[in-house]
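Structure first, commentary second.
The values are calculated or read from the model by the stated rules, or taken from the named source; none is laboratory data. Note that the coordinates shown come from a computational prediction; the quantities given were computed from them, not determined experimentally. Glycine gets a Cβ as well: all are built from the backbone with ideal geometry, and neighbour counts include every protein chain shown. Just the protein is used for accessible areas: all its heavy atoms, side chains included, with ligands, DNA and RNA removed. Shrake-Rupley method; radii C 1.70, N 1.55, O 1.52, S 1.80 Å.
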Amino acid sequence: MRSLQQTGFEYSTSSAEQASSPHQRVLICVNTDTQEVFVATATDSSAFITRHGLGPRNGHGKSGQLMLHESGIALGIDDAEVEVITGLQHVGEAGGAVVAYGTGTIGLVTNEDEIAVGDVEAGIVAMAWAPDGETGVFVTGRNVNTNEVNDNNTALEFRLGLLLMTPRWDVITETPLPASPSTSTGAGLVSVGWGRKETQFHGSEGKQAAKLSTVPAVLVLTATDDRRPRVSWRGDSRFFAISYVVNEFGSGQTQSHRAVAIFTREGSLSAIAEPIANLHHAIAWRPLGNLIAAVQTLPSRQLQVVFFETNGLRHGEFSLRLSDKDTIVYELAYTADSSILAIFMLKINENRRVIQLWSMSNYHYYLKQEIYSFDGHEIDSFAWDPECALRLYVSSGGEKLRKFQISEAKYALCNADGLALQTFTFATTIQTSSSGSIDTSQPVIVTDGLHLLVTPFRTSNMPPPMSETKIGPFPFCVSSVAIGENDILAVLLADNSIYLASNINDQNASVIRRVKHSLPINGRLSTYRQIVYINPTTILLISSPINMSPLSPISSVSDFVVYLELEDITSNEIEVFRTGIIEDIPGAAESGIMKLNGNLRNGDVLVESMQEINGIWKANLLAEFPAPCPWIASVVIGSDADSLQTVAIGLSDRNKLYVNSRLISSEATSFFVHDDYIIVTTLSHTARFIPLAVDYEEALEIPVLGAMVHDESLRRVERGSRIVTAIPGDMKLILQMPRGNLETIYPRALVLSIIRTSLNKLNYSNAFILCRKHRINMNLLVDHNPKLFMDNVALFVSSVKEADYLNFLGDVDVTKTMYVPVPAPPKSVAYFKPSTKINTVCFAIRAALEQLDKVTYITTILTTYAKITPVQDLEGAMARVRDMKSVSVEETENALKYLIFLANANRLYDVALGMYDFQLVVMVAQFSQKDPREYLPFLTALKMLPKNHQYFRIDDHLGRYASALGHLSTIVTEIEINAKNTSANEAEANKVFYEEVIPYIVKHELFKDALERYQNVTNRLKSVLSAYGTFLFLKARFAESGLS
């Protein structure tokens, strides 16, 4: 999902006089020790090397304009026999830049002059030194043109040789290159069976593909082949590959084709690459060592890059999307980190040379940039910086070079406009929206040649290399993209043209409109390299001038910002009604501008200078970074309206994350500004969340890891994960793995942030759903703001309509245990008194539910009874169940089953029995799966007793002795009443009283209850007092006994 953003451009020329001559080969090399670039070229009679000095090397960005050393004097060899420079490479161990000439001369360019260190009699056609500088490969052979014939009209065979030398010019080995690779001994690996075609997997072709005979490829030389050998080393210096022309003789004809031979660093042949028809001369070994890249023309005349393994076998390919009818490929080269493959080519239909930059992700190759020359000259050569991986050096103007003598020993290069060296610096970036609006689809844009691949991550997660929509084609390769409001795209193309694209989420309805503007701006010849969309009608661009005069002062060629104010952006061709240049940018005058960042949230434009001034790299005007930062952003921090301030965030390519001038992390790999956090991924494979709700900039720190298990500021991620985007107003964080696939995660910090925001807005429905979906403890709904919740219990109940969803609650404050806010809020008085939270909330929810619907929310109402502490209010719950019998038996059963789930079934059985409801007792017994033999005999016996006798037996069984005494007294009263009505003897009533009531009172010590009950019945009261006195006397409580 990453694009390649140009962050630097510098242009320099050498001294100039009017002259012209045929174009010769131009080579470039870099001295990383002295920060110098050597450009080698040749005229019709001499070869020259110019040396360009660079500023301090600090990753991205350099000091000042590139200037030619020694007032334009070029180092050269005054030898009319010099044909061409065939190799140029700086070798630190040799003490300078080693240059090889076609005549066989080997020179060493030191600080002052060029020294001839030796000659190879056979001539040198190619040279390459190992990355470690310990071994140099020289391909020898003066003439590689096989068009010459001998007296018998037979083509001459010119054998190429291989010469390996040390930096001290000692010969390691010298051997001829294989004349017939297909029959060379040692050219293949030993087969152990499992690598045979018959045992390999053939995918959709099926097993029959293994039985098909393979027709040998017709090996011919392409029409554009320059017949020069190419040498490329593996990154670990253990192997090197040579692409050279093989001449097969037979039947009086010579058949030539390209072959790739792989050698060890000792010069031993390791393997011969699998024969490929129409193989081109360009070759490049990926520094990581797994692939060798070359170019092939298909039978359809389409060009593709093919790959070989170290053992010479084919390993994939990708199409260049071009035809050999209109394209000639010159060279291939990988960056030092193997991330970018540069392809130097001539586009015949456009009549210009370009450099294409390709990157691979998820096994798909993307065309990220096309580099043109805007100074009126064609590109001659290019080279990657061996240390700063994404820095590219490009030379131009060599087609008009010739030499002229300025003294007996020195010569100068002449050119109508000067030999030019252009330096391009790039950085990978994610093209996504910075608006922070919940209305944006949060698109991520991936550039791929003439197209833009768009995926709106708010609504979909399309795994690369696929995308939701594909915008284009544009007339030229896309160079830079900016996303504005309403997801409108501002697109900068490689030819400096500008387009706007709208309706990007609908491929069929997308509209591309051209912005009519002209270059140069204010008479300045310049080139654009980055575009920023500030508002719907304003576009900013970084412009780098092209200094055509080598004598211009550095300050006159500094970068500047161009602004374009657009008219009607809905017209087919958008007019620019006002344009201008912003020049008063501190730091830009001394060096240039590295990065623009347009923040759609608050309209800020962050400008970072490339120049280091007194140890400070400036991001105007907001902050000063201690190091250059290719990735910058601005953000507003503050816990309230009075403490708001804007700060700059910068990430260097050394994994240092800065807030203004302060370092907050030395292991950051990517960052993104979300609603409430700065999200940072680290080298320790974690995602950290820096809260923005702080009162001052110094408090903006990565939270310290505490001892809590539930630390929302930390989330473990897969090794090498990088942030693609995070959705504003949502909790999705999209990460890209090193292999290219995407993962969407929901970090606890973002989830809690959205839940807290929803609770503050009284959006209880959304907060509740998020808690359930992401397994957040429901107590957060209450504990986040208890007063707000208690004031809006009715709203909460009406928002969460499902009855079962309301059955949550615990007595623990989760904001102090599981979900402690970061930063921690100030201490305040607890809303709930200790151990009263559950009861208080239950009473409030029950009252709200009873007003809403007692039947629908019966289960939740029962929960409020069962949750009461310290003892469950099961009597109240069973009373609610009993009331449900008036609604329906089914509802009663469902409610009772739910209550059995919440409480102990034996306790519920006793409670139902204590309610004297035999139907409810049987239901509890049945639903709790009690053994009928345990309760049926007891219930049958009870049903045979009179009412008060039943109640007495039940209360006595349940241990409710005071209530049992009441029922027993009622039995005595009933006997007395019946005795009066029937004129019966009161002896029976007295018998029951003295034989049953008094013993029961004494047995269970119910004297106080008895005294209250019989205080108005004199004879009964005396009997109770007498029994009480006797009881106290037996307990040796004589004083109390006497009073009774």
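The table below lists the values:
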item: Over 27 Å (Cα to Cα) - which of LYS368/LYS516; LYS787/LYS854; LYS837/LYS930; LYS656/LYS816; LYS943/LYS991; LYS761/LYS801 fall in this group; result: LYS837/LYS930; LYS656/LYS816
item: Accessible area (Å², 1.4 Å probe, nearest 10) - ARG953; result: 110 Å²
item: Extended-chain gain in nm, criterion 0.36 nm per residue less alpha-carbon gap, SER323 and ARG601; result: 95.6 nm
item: Accessible area of ASP730 in the full protein assembly, 1.4 Å probe (Å², nearest 10); result: 40 Å²
item: Point-to-point label distance, VAL117-ASP337, nm (Cα→Cβ direction, 7 Å offset); result: 3.1 nm
item: Over the range 640-706, equivalent-ellipsoid semi-axes from the Cα gyration tensor in Å; result: 20, 13, 10
item: Packing-based order for 122-130, 328-336, using average beta carbon neighbours within 10 Å, highest first; result: 122-130, 328-336
item: Extent along principal axes [Cα atoms of the range 708-785; Å; largest to smallest]; result: 43, 28, 17
item: Exceeding the 18 Å Cα-Cα cut-off - candidates LYS732/LYS773; LYS470/LYS732; LYS325/LYS347; result: LYS470/LYS732
item: Length gained when the stretch TYR696-ASN763 is fully extended (0.36 nm per residue, less Cα-Cα span); result: 21.1 nm
item: Euclidean distance of C-alpha centroids, the range 473-508 and the range 852-877, integer Å; result: 61 Å
item: Heavy-atom accessible area ranking, 1.4 Å probe, most first, across ARG321, ARG715, ARG688; result: ARG321, ARG715, ARG688
item: Equivalent ellipsoid, the range 756-843 (semi-axes from 5 times Cα gyration tensor eigenvalues, Å); result: 19, 16, 13
item: Additional length obtainable on full extension of the chain from GLN304 to ARG654, 0.36 nm per residue less Cα span; result: 122.5 nm
item: HN-Hα J in Hz across the range 276-288 - Karplus 6.51, -1.76, 1.60, θ = phi - 60°, x for Gly and Pro; result: 10, 6, 6, 7, 8, 7, 5, 8, 8, 8, 4, x, 5
item: Heavy atoms of PHE318 accessible to a 1.4 Å probe, total area in Å² rounded to 10; result: 20 Å²
item: Most to least accessible of LYS595, LYS947 (protein chains only, probe 1.4 Å); result: LYS947, LYS595
item: Virtual spin-label span in nm between LYS773 and ARG933, 7 Å along Cα→Cβ; result: 5.5 nm
item: Long-range amide H partners of TYR330 with built H, under 5 Å; result: PHE344, MET345, LEU346
item: Relative contact order of the range 862-1013, pairs being alpha-carbon contacts under 8 Å that are 6 or more residues apart, as %; result: 13 percent
item: Estimated distance in nm for a label pair at ASN535 and ALA830, the labels positioned 7 Å out from Cα along Cα-to-Cβ; result: 5.2 nm
item: Cβ-Cβ FRET estimate between ALA223 and ASN362, R0 fixed at 41 Å, reported to 0.05; result: 0.70
item: Scaled radius of gyration (Cα, divided by 2.2 N^0.38 Å) that the range 248-377 gives; result: 1.15
item: Interchain or long-range residues, amide H under 5 Å from THR173's placed H; result: LEU164
item: Most to least accessible of LEU714, LEU968 (protein chains only, probe 1.4 Å); result: LEU714, LEU968
